[in-house]
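Report on the following structure.
The values are calculated or read from the model by the stated rules, or taken from the named source; none is laboratory data. Note that the structure is a prediction, hence the values are computed from the model and not measured. A quick note on method: Cβ atoms are made from the backbone with ideal geometry, for glycine too, and the neighbour counts reach across all protein chains shown. Side chains are part of the model used for accessible areas, which takes the heavy atoms of the whole protein and leaves out ligands, DNA and RNA. Shrake-Rupley method; radii C 1.70, N 1.55, O 1.52, S 1.80 Å.
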Amino acid sequence: MSPLPSAVTVLGSGAGALSSATELSLAGVDVTVADFERFRASIDAIAERGVVRLRSPWHGVTETPARASLDPGAAAAAADVVVVSVPAFGHDTFATLLAEHLRPGTQVIFAGEGGGSLALVAAMRRAGRALDVDVAELNSLPYGARVREPGLITASRKVGGTVAAGMPAGNAAVETACAIWPSVTAGESVLETVLLNFNAIDHVPPILANLGAIEGGPGKFLLWGVGASPAVARFIGAIDAELVSIRRALGFANLQGYEEYLVEQGFAPEVKGDLHATLASSAFADSTFATGPTALESRYITEDVPYALCLMASIGREVGVATPTVDAMIHLAGVATGTDYRARGRTLETFGLAGLGRDGLLEATRTGRW
């Protein structure tokens, strides 16, 4: 395993970025957190104290040293290793910035939902720049985390179930990701990290299947407790089965399903062989979702449908695997929100990867050249 880098720039100032900054700083890495002017509150809080703060119930607040910058381009240009941890709808903005500012040989790791590496390579192609950096991405955050106030987070580590893959495949940035987060294991392809998006699998079905309760009035709803009934769990299982079929068609060795990953991440004690029972026994059973007329503005819909499910469905089409349940969720989410997600969502065509066929898609994402 590669040693930890001596210094890292973390781009973003949300829960994932600050959790990553904390993890690195606790390990003795020199950390700079950088974000845009519109997120000044978080950056100013770090700059004022010179630390990122982590609150936990058993020992109060831990402060870890960090620098802060409102010039993410300059911060990235000065770094040998860059961790980007932003929502998927921020991938293109940061990819465009990085395509301009990264030095050749830099390692870039996208920590969060998959697809960031595809966005970066596409941005470099638009800028007329060949892939001269090592790019990696995770399939999900290796944490459960929340921002409590600017510069202050609560977070818990997942014990496993997070995969890193890169372009070119198996590059040094993948090794660095596994060194930063010991719970992360190396995968085969960035297509694998895109398809192992647990949020897209388990966020969308319980919301769409419980819209009456969720939109009905202000309050809290047990999204996976009350909301993931046996029927809704079958929706989740059907989405997962379609994504496993795509992974099988692509020839990936890892065909582990969502239920097994719940246990591997530490969210459930054991695989019960019945997804509803496993969800009911998991930490998710007590998780609440804020209800009310604006509930559908949640990232559980606005991120997971257009940036994950749409991309997954397009990969299925490219390799000849039908995704009727994924397609139904995209359609119903679009009807519910009045949004044409099929027209607006991220697909292989977004990155210039449509029409390559199975083997061409595998080769392009293996080399980062298409």
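For this structure, a couple of remarks:
- Whole-percent carbon and sulfur share, accessible surface of the chain, 1.4 Å: 53 percent
- Projecting the Cα positions of 164, 150, 122 onto the charge dipole of the range 81-184 (unit charges on Cβ atoms of Lys, Arg, Asp and Glu, taken about the Cα centre) puts 150 furthest along the positive direction.
- Taking semi-axes √(5λ) of the Cα gyration tensor in Å as calculated from this structure, the corresponding entry among (1) 30, 26, 19; (2) 35, 24, 19; (3) 38, 21, 17 is (1).
- Approximate spin-label separation residue 287-residue 55, in nm, with each point projected 7 Å along Cα-to-Cβ: 2.1 nm
- Sorting 40, 344, 53 by solvent-accessible area of protein heavy atoms yields 344, 40, 53, largest first, with a 1.4 Å probe.
- Residue-averaged 222 nm ellipticity for the chain, from DSSP H runs of 4+ at -39500 (n - 2.57), nearest 500: -11500 deg cm²/dmol
- Between residue 27 and residue 148, the contour length at 0.36 nm per residue exceeds the alpha carbon distance by 41.3 nm.
- The residue among 233, 174, 337 whose Cα reaches farthest toward the positive pole of the charge dipole of the chain, with charges on the beta-carbon of Lys, Arg, Asp and Glu, is 337.
- Cubic angstrom per residue, convex hull over Cα atoms of the range 226-370: 126 Å³
- Percentage relative contact order, the chain, counting C-alpha pairs under 8 Å, at least six apart: 14 percent
- Counting only Cα atoms, the size of the range 1-150 along its three principal axes is 49, 37, 25 Å, in decreasing order.
- Summing Lys and Arg as +1 and Asp and Glu as -1 over all other residues whose Cβ lies under 12 Å from the Cβ of residue 271 gives a net charge of -4.
- Nearest-10 value in Å² for the accessible area of residue 300, using the 1.4 Å probe: 50 Å²
- Cα centroid separation, the range 194-213 to the range 116-142 (Å): 27 Å
- Heavy-atom surface of the range 213-325, accessible at 1.4 Å and reported per residue (Å²): 41 Å²
- Under the convention that each Lys and Arg Cβ holds +1 and each Asp and Glu Cβ holds -1, the size of the dipole of the range 139-227 around its Cα centre is about 340 debye.
- Which of 91, 101 is most accessible, then next, and so on - probe 1.4 Å: 101, 91
- Computed packing ranks the peptides 283-291, 359-367, 164-172, 241-249 as 164-172, 241-249, 359-367, 283-291, most packed first, by mean other Cβ atoms within 10 Å.
- For the range 307-323 versus the range 7-39, the gap between their alpha-carbon centres in whole angstrom: 33 Å
- Axial C-alpha extent at least 18 Å, average Kyte-Doolittle at least 0.5 - helices from the chain (DSSP): 230-249, 324-337
- Just so you know, the Cα atoms of the range 265-351 work out to an Rg and Dmax of 15.7, 40 Å.
- Solvent-accessible surface ranking, highest first, for 185, 154 at 1.4 angstrom: 185, 154
- Per-residue surface analysis assigns residue 314 an accessible area of about 10 Å², computed on protein heavy atoms at 1.4 Å probe radius.
- Rounded, prolate or oblate (a/c below 1.5 giving rounded, otherwise prolate when a/b exceeds b/c) for the range 185-244 by Cα gyration tensor: prolate
- Calculated on alpha-carbon atoms, Rg and Dmax of the range 128-215 in Å: 16.4, 50
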